[in-house]
Each structure stands twice: as C-alpha cells, then as structure tokens.
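The values are calculated or read from the model by the stated rules, or taken from the named source; none is laboratory data. Predicted, not measured: the structure shown is a model, and the values here were computed from it. As a convention, Cβ positions derive from the backbone with ideal geometry for all residues, glycine included, and neighbour counts pool all protein chains shown.
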Amino acid sequence: MELIDFSLTSDYIELIKLLKLLNLVESGADAKIVVEEGQVKYNGEVEFRKRKKLRQGDVVVFQNNTIKIS
C-alpha cells in the first residue's frame, strides 16, 4: 500500500478532483464512477459523494493508496 501526503493549497479539495489530480484515475468521469461504485473510503467509511470536500486531517483510501490530506 502506498502512502501519499497531499498538501492543500486552499481550504478544501473535492474528492473527484483529488483522484484526478493525483492521476489515480484517467479522467473526471472515471473518478465519478469509482466513487459511485463505492471504491473509495473517506476516514474509514465508504464515500459515495463525488464532491465531498476534503480538508486537513482527512484520509482517503482508493485501491492500494492511502492519501493523507495535510
């Protein structure tokens, strides 16, 4: 499992934008699909909200990646 430390440059980032920005998905459409299918966990729970606002301290798990928002 890979640990990714993502530093915010604003107050928050939306979940699908994070997945796309880190190149964990091919496109925004793919990001929406993986979230809708329940493949993403947010702070230990499956997250279905595509535009969930991620803030400092949040942890996202997708495939073999753990992303810590700082």
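So Thr66 clears everything in (1) outside any strand (DSSP E or B); (2) among the polar types (S, T, N, Q); (3) at pLDDT 95 or above except one condition, right? Which one?
All conditions pass for Thr66, except number (1).
With the structure loaded, tell me whether Lys41 is surrounded by 11 or more Cβ atoms within 10 Å (Cβ to Cβ), basic (Lys, Arg) and touching a Lys or Arg at 6+ places or on another chain (Cβ under 7 Å) or whether it fails that test.
Judged against the criteria, Lys41 is not a match.
Any idea how many residues of segment 44-62 are without any contact (Cβ under 8 Å) to a residue 40 or more places away in the chain, of a type outside the set (Asp, Glu) and either surrounded by 13 or more Cβ atoms within 10 Å (Cβ to Cβ) or on the phi < 0 side of the Ramachandran plot (or both)?
The total comes to 8.
Per-residue answers, yes or no, for (1) at pLDDT below 95; (2) in contact with a helix residue (DSSP H, G or I) (Cβ under 6 Å, 6 or more places away or on another chain); (3) hydrophobic (A, V, I, L, M, F, W, C):
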| position | (1), (2), (3) |
| --- | --- |
| Thr9 | yes, no, no |
| Glu14 | no, no, no |
| Val34 | no, no, yes |
| Gly44 | no, no, no |
| Phe48 | no, no, yes |
| Arg51 | no, no, no |
| Val61 | no, no, yes |
